[in-house]
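The values are calculated or read from the model by the stated rules, or taken from the named source; none is laboratory data. As the structure is a prediction and not an experimental result, all values here were calculated from the model. Reconstructed Cβ throughout: ideal geometry from the backbone, glycine too, with neighbour counts over all protein chains shown. Surface areas here come from the heavy atoms of the whole protein model, side chains and all, with no ligands, DNA or RNA. Shrake-Rupley method; radii C 1.70, N 1.55, O 1.52, S 1.80 Å.
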Amino acid sequence: MASRRHAEALILAGRVTVNGVVVRTLGTRADPERDRIALDGEHIPAAGARRTVVLHKPRGVVSTLEDPEGRPTVAALVAGAGRLFPVGRLDLNSTGLLLLTNDGALAAGLLHPRRAVPRVYRVKVDGTPSEEAITRLRRGVRLEDGKSAPARVRVLGRLPTKTWLELTVVEGRTHLVRRLCEAVGHRVDKLARVRLGPVALGTLPPGAWRDVTPRELAALRAAAGLRPGRGGGAPAPPPRGRDTRPRRPRPRPGSPPPGEARGGACALPGGRPPAPGPRPRRPRP
């Protein structure tokens, strides 16, 4: 119906209602199966079957459904799959794996910073990064919007004037990989995402797309913190930890009740019987 940014603008403008109440707070939850959601008074029916696809985004294609400049969009590439929305973005000159889905809960879970879903990129940079530069990437680099989380870095190959790297990051900041490489002194020449969480690009040709497999979907839902199943839903509750509170010992059969010593005498705290009193004197003859 709308991109995420367009939907947020509609909400802030007061054009969206849930059960007849205007909603202006971003992030408000509603269940389209039970709640009546309307835009400008027109009811929005619940979506049909949920679908998630993998697209190999080519260079020169924008990761949006519409582009005011008239550039090619990913929506045109997956037109036969129905109304789907990109999960995150790849910039205009980047290529590789892009997920598209109509499952909002899945998209939100995969993009949430707390989930730390790994993104794997193959990057060709100018020059030859030194060990110091690679160490900085592995420890985190200070950028204008804060220090980055540690990245996993692997050197794939060295050319006379270029170097191929594999970078794995767990953040979705704008142009993060390009900014990381430039921060350590190496401009990015080519960048391709080859994996997002449990899903790999594989041999999918540029411009082509495919549905995720049932196994991939289950792994994606787990990575997003969602309960198993085909549909959306709230994130699964965190696993219950082991109860570490001390437990009272169970009395054995035939043992005296707590607080009472054997023989009927009242026990002191700690289970010790009371000290015996003075022995009675015998009368003298």
Note down the nm distance, to one decimal, between modelled labels 7 Å out along Cα→Cβ at Ile44 and at Ser130. 5.3 nm
Find the relative contact order for the range 91-241 and round it to a whole percent, using C-alpha pairs within less than 8 Å whose residues are 6+ positions apart. 33 percent
Label Thr161 and Leu12 with points 7 Å out from Cα along Cα→Cβ: what is the distance between them in nm? 4.4 nm
With a 1.4 Å probe and every protein chain left in place, work out the accessible area per residue of the range 120-209 in Å², rounded to a whole number. 53 Å²
Roughly how many percent of the accessible protein surface of the range 126-176 is carbon and sulfur, given a 1.4 Å probe and a whole-percent answer? 50 percent
When the dipole is taken about the Cα centre of the range 12-101, and only Lys, Arg (+1) and Asp, Glu (-1) are charged at their Cβ, what size is it in debye, to the nearest 20? 220 debye
Could you pull out the GluC sites (Glu not before Pro) across the range 30-132 that fall in loop regions by DSSP (anything but H, G, I, E, B) with no more than 12 other Cβ atoms inside 10 Å? Glu33, Glu66, Glu69
To the nearest 0.05, the calculated FRET efficiency linking Thr168 and Asp67 through their beta-carbon distance, R0 being 41 Å, is 0.90
How much accessible area per residue does the range 4-73 have, counting only protein heavy atoms and a probe of 1.4 Å, in square angstrom? 67 Å²
Accessible surface of the range 1-90, 1.4 Å probe, proportion on carbon and sulfur as whole %: 51 percent
Ala76-Arg139 FRET efficiency (beta carbon distance; Förster radius 30 Å; 0.05 resolution): 0.15
